Amino acid sequence: MIPPGRQHLRELPDRHCLAAGTPLCAGCGGLAALQAVCDLLGEKTVIVNAAGCLTLLAAYPSTPFRGSWLYTAMASAPAGAQGVRDGLDILLDKGAIGTEENLEVLVLAGDGSSGGMGLSATSAAIDRGLDFLYLCYDNEGYGNTGQQASAATPRGARTATSRGPQGHPGAKKDLFAIWAAHRPRYVATVTAAEPLDLARKIETARNLSGPRLLLALAPCPTGWGYEPAEGVAIGRLAVQTGLWPLKEYVDGRVQHSKIPQPRLPVRDYFASQGRFAHLLRPENEQLLAALQDETDRYWQEVEEHA
Amino acid sequence: MTRTLLTGNGAAAWGARLARIDYLPAFPITPQTEIIETLDGWIEQQELVCRLVTLESEHSMLTAAGAAAVTGVRVFTATSSQGLLYATEMLYTVAGWRAPLVLVNVSRGLSSPITLEPDHNDVLAVRDCGFLQLHCATCQEVLDSVLIAFRLAEHPQVRLPVLVNLDGFALSFTREPVEIPDQSTADRFLPPFRAGSLRFRAGEPLSAGVAVLDGSTYSYFRYQAHLASLQGLAAYEKIAAEFAALCGRHYEPLECHRCEDAEIVFVMIGSFATKAREAVDRLREAGERVGLLRPRLLRPLPVAHLRRALAGKLGVAVIDQNLAPGRGGVLLTELAAALHGSPDAPPVLAGYVGGLGGREISSEEFFEMHREVRQAVTRGENPPPRLLFTGEELRAVRKLQQVARADRLGQGGEQR
């Protein structure tokens, strides 16, 4: 069952685990989600990282983390989590370490790794029932190399490798559904712009064991084309327009944690970012209508199944 | 101590068992699979307390292996050929983590064409990844090398992963008499793993594998791994001496067979060197002053030992069971660089490529190489590099080509 969450922002932790002054871009939506996760998981965490923007958080000789960190490679962070988890379990079984020395294992990876070359290692870790938490910061492109299109890039978005008049021709890969198809312990979509929903899902995940995913929409000022100060508003718009449904998979069922009422037109979200500016041009009227239809159909199905 | 018949794979598994490994990340690949199956059998019979996890690829297997080793447990794993190459990114990475695990590679030729038979292109492709490399010629040596490899990997002045190599089929599936040390002897030789300060524990935050953003810092840490590898030579000699004192078997960095008064020396690694050994004995019977030098330790390369062992020799025949297209043999290049500038280096250094994809090397071919090197010594010039390949083989391949062509025509293809 999903426990009730906190009702007010003032109930969120006021002591922050992650040190300030990282080398990341101002307004990074991935960092904002990670901050919330670190605050609620606490110091007894080892982060197993895959290549991506957030890899630069731990750059010798500094780290913003109070817990531990292991950078692996782009394709195999879940396998690194397997090794650390198994190593700790072996030491616990032997009595070589006490439970107070145990750590929560957190995979930290972007959408490029999570939906691409890391997917095989992820799928295998889930079917082995690995006890780990996975935070995917989804900035909908290969952000660290200048926002080329990834498997998570939404249809129509302009990226460094989809500059045509209609933007990216592919559809966004549904990582939530891919995870849920494995029947793991927990999967949730989140975004830092909805901090109470995020906090509740982090705590839900923390209190479960087995494979658990937090899939965070991570607005990216440099890749998406907006001013850093607008990040929270853009995250909210993604939820309010219904483009980023907040939901969770638990005990075999998918539930939406927030149904946008009223649901704003997708155009409002597209108008907020440079990567979608071309969608508002008259020649893309049909594409814009198709994207609105797609979103409408999604929510219609949600209502029908409610 | 028990004396029994073991395959090379069985011997590798026994080495791991005697090392009391904690963790075995696994992935099946021919001809290695018997190693993990043997260990799995012991785990299921509760003869070995170890956690086996089958990963979905060798890349993940090496990631898990390295991650567990830096968490502070003793890790063993094994692979072959394509698997080793698939894991290559992580071989470099876990060496950089200074993860002291032991990896057995059962050598097999690389694709393409795809094959199951042995040669050394797989293990030499990862020559520079930071793993130390031990090369075995017998099943006994495989078992003993796994124990030695753990001591070496965990040595505080080394702390690098170690690769133990044996040849697919020729050793992996060949039964030889092997002495299995008692567990108490193995325990005396190899104490429990002490992780030191490199380990993950709550309350002791540690960052491993972190990014560096400038060339100086990068150079510093990369060179540290190089220096640690170089320290591995002295550490190896000390560890091998301790092993000899306990078990009576001596494993010098170089195996020298009848080299002392030899004029001509064969240089080879791996189990095919036993063929050279036999040829040397027969040439000796015929009165030829000839010897065999088999580097056991390839990383770090025992340069001073090589120079010493070959000082004053008239000619050397390097037999490379690998092929570097566009260059020739890898060992020839390594040896030439090691001997360069040595005042009494042999004047003739001849390169042969042979034994690719498990191709046999016959005694007659060793005699012929010996004859050719002698001639070169007399003439005072190096012979050109050669592939060990007979006219009869070429005719056999031509026949296969005819069959392939006939099949294609039979299926309605047109003659060109």
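FYI, it's all coordinate maths here, none of it is from the lab. Since we're looking at a predicted model, the values are computed, not measured. No Cβ is skipped: glycine too gets one built from the backbone with ideal geometry, and neighbour counts run over all protein chains shown.
Put simply, region B:100-231 fits an ellipsoid with semi-axes of 30, 23, 12 Å; these come from the alpha carbon gyration tensor as the roots of five times its eigenvalues, largest first.
Net charge within 15 Å of B:Ala337 by Cβ-Cβ distance, Lys/Arg positive one each and Asp/Glu negative one each, not counting B:Ala337 itself? Counting the neighbours of B:Ala337, the net charge comes to +1. Comparing B:Gly270, B:Gly96, B:Gly312 in a Gaussian network model of chain B where C-alpha atoms under 10 Å apart are linked, the largest mean-square fluctuation is found at B:Gly312. Among DSSP bridges having both ends in region A:26-153, what percentage is antiparallel? Round to the nearest 5. If we restrict to bridges inside region A:26-153, about 10 percent are antiparallel. Averaging the Cα positions of each part gives two centres, and for region B:97-153 and region B:14-91 these lie 13 Å apart.
By the 4.7 Å beta carbon criterion, which cysteine residues of chain B come out unpaired? So, B:Cys50, B:Cys129, B:Cys136, B:Cys139, B:Cys247. Got a sec? Charge dipole of region B:120-188, +1 on Cβ for Lys and Arg, -1 for Asp and Glu; which of B:Gln157, B:Val146, B:Ala170 is way out at the positive end? The residue sitting most towards the positive pole is B:Gln157. The Cα atoms of region A:1-79 cover 38, 31, 22 Å along the three principal axes, with the biggest extent listed first.
By the count of other C-beta atoms within 10 Å, a proxy for reagent exposure, A:Ile178, B:Ile35 are ordered fewest to most as A:Ile178, B:Ile35.
Dividing the convex hull volume of the alpha-carbon atoms in region B:154-309 by its residue count gives 181 Å³ per residue.
Can you pull the percent of Cα pairs in region A:117-158 with separation above 13 Å? Mind showing how you got there, number by number?
On the way: 540 of 861 pairs.
Result: 63 percent of Cα pairs exceed 13 Å.
Can you work out the base-10 log of I(q)/I(0) for region B:156-219 at q = 0.11, 0.13, 0.23 1/Å, using the Debye formula on its C-alpha atoms alone? Per q value, in the given order, log10 I(q)/I(0) is -0.61, -0.77, -1.18. In a reduced charge model with +1 at each Lys and Arg Cβ and -1 at each Asp and Glu Cβ, region B:2-247 shows a dipole moment near 740 debye about its Cα centre. Given q = 0.07 Å⁻¹, what are the Debye log10 I(q)/I(0) values for the protein assembly as shown, with equal point scatterers placed on the Cα positions and solvent ignored? Normalising to I(0) and taking log10 leaves -0.59.
Using the 10 angstrom Cβ neighbour count as an exposure proxy, how do B:Ile36, B:Ile29, B:Ile43 rank, fewest first?
So the ranking, lowest neighbour count to highest, is B:Ile43, B:Ile29, B:Ile36.
Magnitude of the charge dipole for the protein assembly as shown, about its Cα centre and with charges confined to Cβ atoms of Lys, Arg (+1) and Asp, Glu (-1), is about 760 debye. Give me the net charge of A:Gly252's neighbourhood, meaning all other residues with Cβ under 13 Å from the Cβ of A:Gly252; Lys, Arg count +1, Asp, Glu -1. Here the count lands on +1.
How large is the translational diffusion coefficient of region B:108-160 in µm² per second when you combine the Kirkwood radius over alpha carbon pairs with Stokes-Einstein at 4 °C and 1.567 mPa s? Answer, rounded: 101 µm²/s. Label reach from A:Ala171 (point 7 Å along Cα→C-beta): in region A:220-245, amide nitrogens under 17 Å belong to A:243-245. For the residue pairs A:Lys44/A:Lys258; A:Lys44/A:Lys201; A:Lys44/A:Lys94; A:Lys201/A:Lys258, alpha carbon separations beyond 22 Å are given by A:Lys44/A:Lys258.
Please give the per residue volume of the convex hull enclosing the alpha carbon atoms of region B:255-392, rounded to a whole number of Å³.
Details: hull volume 15.7 nm³, N = 138.
Normalising the Cα hull of region B:255-392 by residue number yields 113 Å³.
Calculated translational diffusion coefficient of region A:7-304 (4 °C, 1.567 mPa s; Stokes-Einstein with Kirkwood radius over alpha-carbon pairs) equals 66 µm²/s. Given a 10 angstrom Cα cut-off, can you work out which residue in B:Ala137, B:Ala345, B:Ala311 is the most mobile in a GNM of chain B? Comparing B:Ala137, B:Ala345, B:Ala311 in a Gaussian network model of chain B, the most mobile one is B:Ala311. A simple spin-label model places pseudo-atoms 7 Å from Cα toward Cβ; at B:Ala396 and B:Val303 they are separated by 4.1 nm. Divide the volume of the convex hull around the Cα atoms of region B:1-120 by the residue count and you get 109 Å³ per residue. Of all lysines in the structure, the ones whose alpha carbon falls short of 17 Å from that of A:Lys173, not counting any fewer than 8 places away in one chain, are A:Lys247.
Sites counted here are GluC sites (Glu not before Pro) in a DSSP loop (not H, G, I, E or B) having no more than 14 other Cβ atoms within 10 Å; the longest part of chain B that contains none of them is B:48-259.
Once the Kirkwood radius over Cα pairs is known for region B:2-247, the Stokes-Einstein relation at 20 °C and 1.002 mPa s delivers a diffusion coefficient of 119 µm²/s. Shielding by partners for peptide A:60-69, expressed as the average number of C-beta atoms from other protein chains within 10 Å of each residue's C-beta, is 5. When chain B is treated as a Gaussian network with alpha carbon springs shorter than 10 Å, the biggest mean-square fluctuation among B:His135, B:His250, B:His340 belongs to B:His340.
Give, rounded to the nearest 20 debye, the magnitude of the charge dipole that chain A has about its Cα centre when Lys and Arg contribute +1 at Cβ and Asp and Glu contribute -1 at Cβ. Walk me through the intermediate numbers first.
On the way: 28 positive and 32 negative charges, 47 e Å.
My answer is approximately 220 debye.
Given the convex hull over the Cα atoms of chain B, what projected area results after averaging over all orientations, in nm²? Numbers along the way, then the final one.
Working: hull surface 100.7 nm².
Computed as one quarter of the Cα hull surface, the answer is 25.2 nm².
Here A:Arg236, B:Arg296 are placed in order of increasing Cβ neighbour count within 10 Å, fewest first, which gives A:Arg236, B:Arg296. Take each residue in B:190-203, count the other chain C-beta atoms within 10 Å of its C-beta, and the mean is 4. In region A:7-304, taking the dipole from charged Cβ atoms about the Cα centre, the farthest positive-side position among A:Gly170, A:Gln240, A:Tyr134 is held by A:Gly170.
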